[in-house]
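What follows is one structure encoded as structure tokens, with my remarks underneath.
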Amino acid sequence: MNATIRRNASSKYFVSLLVEQEINELPKTGSSVGVDVGLKNFAILSDGTVYQNDRYFRKLEKKLAREQRKLSRRQRIALNKKVTLSEARNYQKQKRKVARTHEKVANKRTDFLHEVSTEIVQKHDVIGIETLQVKNMQRNRKLSKAISDVSWPAFFRMLEYKADWYGKTVVKVGKTFASSQLCSSCGHQHKDVKHLGFREWTCPSYGIHHDRDVNAGLNLKQEAERILASSTVGTTGLA
Ligand SMILES: [Zn+2]
């Protein structure tokens, strides 16, 4: 329908084409899943699937930090020589290099998020996720870097629009739902689990041993199924 051409900070040109297309739904698998996002791993599913954070990010980010220091050094040199930055050639060269590294990190991350979200939407019909409270979590400075790293909000958006395209359902479980504290077998709430140090725990009621993240995934799955079932009953009830 139309084309847009743009140039990004690292001087690459992109053409975006706007097209109209029928999207075919993916075949139903009859499977529901809960997705627990974490810091240790990127995501753990209720069926035990683990998506690890790519270590490549760390390497690229160190490189980015190095290149940025070099950029500030060149800026200082230019200022000392009273050269305007737009005319400082070494500074401009380094600026493009920083932009290219930024771009690499962003591309790698987007690629990873697409891969994971597509696989989940292909394999499962109902996908339970948490309602993120990133604002609260970013107050904790140690966690904030890891969170921006793994880009959960972008990941959840991908899951939602892909589910929409392919005839699957994403259910956002409420903010107050204690997905990591509840025992997925008996529903007993174990408050100590909210401390991130608790990787595994045993339910005091029936002695079932849980991996923190798989258990959280199971709770999200069950809650998603419950929400979906009650909303379906609600609609048919009205009709
Ligand atoms: Zn229990």
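If you build a Gaussian network model of the chain, linking Cα atoms that sit under 10 Å apart, which residue out of Asp192, Asp47, Asp36 swings the most?
Among Asp192, Asp47, Asp36, the largest mean-square fluctuation in the Gaussian network model of the chain belongs to Asp192.
Each label point is 7 Å from the Cα along the Cα-to-Cβ direction; what then is the distance between the points at Glu25 and Thr49, in nm?
Result for the modelled spin labels: 2.0 nm.
Over 19 Å between Cα atoms: which of Lys108/Lys168; Lys59/Lys194; Lys63/Lys93; Lys63/Lys97 fall into that group?
Lys108/Lys168; Lys59/Lys194
Among Ser32, Tyr51, Val19, which residue has its Cα positioned farthest towards the positive end of the charge dipole of the stretch 1-106, with +1 placed on the Cβ of Lys and Arg, -1 on the Cβ of Asp and Glu, and the dipole taken about the Cα centre?
Among Ser32, Tyr51, Val19, the one farthest towards the positive end of the dipole of the stretch 1-106 is Tyr51.
Pull out the extension gain between Arg58 and Gln122, defined as 0.36 nm times the separation in residues minus the alpha carbon to alpha carbon distance; nm, one decimal.
Contour length minus the Cα-Cα distance gives 20.1 nm.
Place a point 7 Å from Cα of Gln92 in the direction of its Cβ. Which residues in the stretch 2-26 have their backbone N less than 11 Å from it?
The answer is none, because no backbone nitrogen lies closer than 11 Å to the label point.
GNM on the chain, C-alpha springs below 10 Å: top fluctuator among Asn24, Asn107, Asn53?
Asn24
With all protein chains present, how much of the accessible area of the stretch 31-236 (probe radius 1.4 Å) comes from carbon and sulfur, to the nearest whole percent?
Carbon-and-sulfur percentage of accessible area, whole number: 50.
Considering the dipole of the stretch 31-236 built from charges on the beta carbon (Lys and Arg +1, Asp and Glu -1) around the Cα centre, which of Gln222, Gly187, Gln92 is farthest to its positive end?
Farthest towards the positive pole: Gln92.
How large is the Kirkwood hydrodynamic radius of the chain, counting all unique pairs of alpha carbons, in Å?
21.0 Å
May I ask for the longest run of the chain untouched by GluC sites (Glu not before Pro) that are loop-located per DSSP and have at most 11 neighbouring C-beta atoms (other than their own) within 10 Å?
Longest stretch, sites excluded: 26-239.
So how strong a dipole does the chain carry about its Cα centre when Lys and Arg Cβ are +1 and Asp and Glu Cβ are -1, to the nearest 20 debye?
For the chain, the charge dipole is close to 2780 debye.
Hey, what's the Kirkwood Rh for the stretch 1-125 if you take every pair of different alpha carbons, in angstrom?
After inverting the mean inverse Cα-Cα distance, the result is 18.5 Å.
Might you work out the accessible area of Lys191 for me, using a 1.4 Å probe with all protein chains in place, and round it to the nearest 10 Å²?
Accessible surface of Lys191 is approximately 130 Å².
Among Ile129, Ile23, Ile208, which one moves the most in a GNM of the chain with springs linking Cα atoms closer than 10 Å?
Ile23
Rounded to whole Å, give me the distance from the Cα center of the stretch 177-219 to that of the stretch 73-129.
Centre-to-centre distance over Cα atoms comes out at 38 Å.
Express in nm, to one decimal, how much length is gained between Lys12 and Thr176 on full extension, taking 0.36 nm for each residue of separation and deducting their alpha carbon distance.
Length gained, Lys12 through Thr176: 54.6 nm.
Rounded to the nearest 10 Å², what accessible area does His190 have for a 1.4 Å probe in the complete protein model?
His190 has an accessible surface of roughly 40 Å² with all protein chains in place.
May I ask you to list the trypsin sites (Lys or Arg not before Pro) in the stretch 1-97 that are in a DSSP loop and have at most 16 other Cβ atoms within 10 Å of their Cβ?
Counting only loop positions with at most 16 other Cβ atoms within 10 Å, the trypsin sites (Lys or Arg not before Pro) in the stretch 1-97 are Lys12, Lys28, Lys40, Arg55, Lys81, Lys82.
For an R0 of 30 angstrom, estimate the FRET efficiency from the Cβ-Cβ distance between Ile5 and Gln133 and round to the nearest 0.05.
Plugging the Cβ-Cβ distance into 1/(1 + (r/R0)^6) gives 0.20.
The values are calculated or read from the model by the stated rules, or taken from the named source; none is laboratory data. Remember, predicted model here, so these are calculated numbers, not experimental data. Every residue, glycine as well, gets a Cβ built from its backbone with ideal geometry; the counts of neighbours run over all protein chains shown. The accessibility values were calculated without ligands, DNA or RNA, using every heavy atom of the protein model including side chains. Shrake-Rupley method; radii C 1.70, N 1.55, O 1.52, S 1.80 Å.
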